[in-house]
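Participant: Take this structure first; my questions come after.
Each reported figure results from applying straightforward, stated rules to the coordinates on display, with no laboratory input. All figures in this text were calculated on a predicted structure; none of them were measured in a lab. Every residue, glycine among them, receives a Cβ derived from its backbone with ideal geometry; neighbour counts consider all protein chains shown.
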Amino acid sequence: MNTTNPPIPPAQPAPARAGDPAAAVSRNHPRDPRRVAAVAGLVSAWIALGPATAADAWKLPPEKAVLRPGAGRELVLGQCVACHSADYMTTQPPLDRAAWAASVEKMRSKYGAAIPTNVAPAIVDYLAAQYGPKAAAR
Ligand code: HEC
């Protein structure tokens, strides 16, 4: 009677099966060479296209709005067109002095416009005179 068992074969790694979740994980691994090559390609394309795109992106449209002549116009040009076009003022419906004062105050308190307090009244005077109900009736 034979009492010895046949030798146990050495362990083999299981072959990868199609749809094996383990294989899918390794394909999406961040260090997978195909993935690294794809990311490197995107980065070099971005670097190649970057400067031209950036230059175009910051080209501002030409200013077309013209402020009406009047006392205080230079102050408004100095204080109000750094952030947006003058047509933000010229396209408003006729606003009275109180409404223009509120608008200027909103630019200061909400949007951070650094308009000196002693300059604000002259700006409001100009806007109310040139873009107020009386100017609209002219
Ligand atoms: C620090 C930047 C800045 C300055 C300086 C500035 N504004 Fe504005 N202004 C804004 C922003 C931001 C908006 C809102 C933009 C938007 O909605 O597209 C705005 C909008 C406006 C509007 C449209 C109505 C509204 O309330 O949104 C008017 C009118 C206006 N500004 C007038 C003025 C006047 C007058 C001055 C000068 C006294 C001035 N702005 C200075 C930032 C500024």
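Participant: Can you tell me what percent of all Cα-Cα pairs in the range 73-137 are more than 18 Å apart? Write out the running numbers ahead of the final one.
Facilitator: On the way: 548 of 2080 pairs.
Summing the P(r) tail past 18 Å for the range 73-137 gives 26 percent.
Participant: Something else about it: Within the range 63-116, report the chymotrypsin sites (Phe, Trp or Tyr not before Pro) that DSSP leaves as loop and that have at most 10 other Cβ atoms within 10 Å.
Facilitator: Details: sites: Tyr88, Trp100, Tyr111; in loops: Tyr111.
Of the chymotrypsin sites (Phe, Trp or Tyr not before Pro), the ones in loops of the range 63-116 whose Cβ has at most 10 other Cβ atoms within 10 Å are Tyr111.
Participant: Could you name the lysines whose alpha carbon sits less than 25 Å from that of Lys106, not counting residues in the same chain fewer than 8 places away?
Facilitator: Lys64, Lys134
Participant: Also, quick follow-up: Summing +1 for each Lys or Arg and -1 for each Asp or Glu, what net charge is found among the other residues whose Cβ lies under 9 Å from the Cβ of Ala120?
Facilitator: Details: positive: Arg108; negative: Glu105.
Value of the local net charge: 0.
Participant: Shifting gears a bit: Would you tally the net charge around Pro94, using a Cβ to Cβ cut-off of less than 13 Å, leaving Pro94 out, and scoring K and R as +1, D and E as -1? Walk me through the intermediate numbers first.
Facilitator: Working: positive: Arg68, Arg97, Lys134, Arg138; negative: Asp96.
Once positives and negatives cancel, what remains is +3.
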